[in-house]
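Participant: Structure below; questions to follow.
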Protein chains: 2
Amino acid sequence: MIDEMNEICAECCIHEEKVKAVQADMPGIETIFALADTFKTLGDPTRLKLLFALMQQELCVCDLAALIEVSESAVSHQLRVLRGQKLVRFRRDGKNLYYSLDDDHVRTLFAQGLEHVRE
Amino acid sequence: MIDEMNEICAECCIHEEKVKAVQADMPGIETIFALADTFKTLGDPTRLKLLFALMQQELCVCDLAALIEVSESAVSHQLRVLRGQKLVRFRRDGKNLYYSLDDDHVRTLFAQGLEHVRE
DNA sequence: TAAACATATGAATATATGTTCATATGTTTA
DNA sequence: TAAACATATGAACATATATTCATATGTTTA
């Protein structure tokens, strides 16, 4: 009863054809979630700093921590997130792990994002 | 004392020249935060859906809510966030507010992001 | 092989964020 | 002008997330 009233009320102003047409051309839900995850990963200052640094050259965890002035543990945690999104990779050299960019889309994404930021 | 020890210990493995060189070419902190805010805004499925819908055509709040199956209140809150980032704008027509994209960078950002998602 | 080292990882905590619910605002219509 | 309507907004709440701290892992060196 109440549900029905709500539904009627909620739908009173909807332009149905329009909604259906737009709905038909929307990306699938998995695509949306995957894309959101990617952007969410880029949406943190610490991770952005890491990526900007790695855009220049490969660096070990220790150097990254010194560079962006965050604890090595925090850096390590964030690198894990970036690895999960296949944005960075690493190679081992003795005791050190050297991280580098694993995806050139980051460069174009940053360029586009910066254009937006600069309005 | 202890601080000094920590500092020495923490810096023992740092490749100083490298760090300084990279640091010199990093974007400013305001730029990083602004860019992070932009990506963070794009990092939510609800907001992504709204933007994908608005990429097709302008729509009123009511239609957007029906389209992405979220309450009108939630839509309104998220549109506010998008407005704050100057990603959408609106015009009033009688009782309705019609929202539309306010920035074409969104299209290129989505295109790049999707390329990454598709590996 | 034990100690030192570089890094990873899990748990804990504090903060940020998204949705809901209740209410306010601005516009049209009766 | 009062009622209906479309939307906005603030507070509350539950969940997600970033950092810290303690500890574990894998590598080198003494």
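The values are calculated or read from the model by the stated rules, or taken from the named source; none is laboratory data. Keep in mind that this is a model prediction, so the values were computed, not measured. Positions of Cβ are generated from backbone atoms using ideal geometry, with glycine treated the same way; all protein chains shown enter the neighbour counts. What goes into the accessible areas is simple: the full protein's heavy atoms, side chains included, and nothing from ligands, DNA or RNA. Shrake-Rupley method; radii C 1.70, N 1.55, O 1.52, S 1.80 Å.
Participant: Yes or no: B:D103 in contact with a Lys or Arg (Cβ under 7 Å, 6 or more places away or on another chain), away from DNA strand D (no atom under 14 Å from the Cβ) and at the interface with another protein chain (Cβ under 9 Å from one of its Cβ atoms)?
Facilitator: Yes.
Participant: Also, quick follow-up: When the residues of region A:82-100 are filtered to those that are within 11 Å of chain B (Cβ to nearest Cβ) and under 18 Å from A:K40 (Cα atoms), which remaining residue is most open to solvent (accessible area, probe 1.4 Å)?
Facilitator: A:K86
Participant: Identify all residues within region A:67-88 that are in contact with an Asp or Glu (Cβ under 6 Å, 6 or more places away or on another chain) and either more than 12 Å from DNA strand C (Cβ to nearest atom) or farther than 19 Å from A:D103 by Cβ (or both); write none if there are none.
Facilitator: Hits for region A:67-88 are A:K86, A:L87.
Participant: A follow-up question, please. Can you tell me how many residues in region A:59-73 are of a type in the set (V, I, T) and open to solvent by less than 20 Å² (accessible area, probe 1.4 Å)?
Facilitator: Count: 1.
Participant: What about B:L109, is it more than 16 Å from DNA strand C (Cβ to nearest atom), in contact with a Gly (Cβ under 9 Å, 6 or more places away or on another chain), within 24 Å of A:R118 (Cβ to Cβ) and facing another protein chain (nearest Cβ under 9 Å)?
Facilitator: yes
Participant: Still on this model: Are there any helices (runs of 4 or more DSSP H) wholly within region A:3-110 with 2 or more residues that are more than 27 Å from B:C13 (Cβ to Cβ), and if so which?
Facilitator: The qualifying helices (runs of 4 or more DSSP H) are A:16-24, A:29-42.
Participant: On to the next question. Could you tell me whether B:G94 is more than 29 Å from A:G84 (Cβ to Cβ), within 10 Å of DNA strand D (Cβ to nearest atom) and without any contact (Cβ under 8 Å) to a residue 60 or more places away in the chain?
Facilitator: Taking the combined requirement at face value, the residue satisfies it.
Participant: Still on this structure, please answer the following. Search region A:37-58 for residues being at the interface with another protein chain (Cβ under 7 Å from one of its Cβ atoms) and open to solvent by less than 10 Å² (accessible area, probe 1.4 Å), and hand back the single one that is nearest to A:Q85 (Cα to Cα).
Facilitator: This residue is A:T38.
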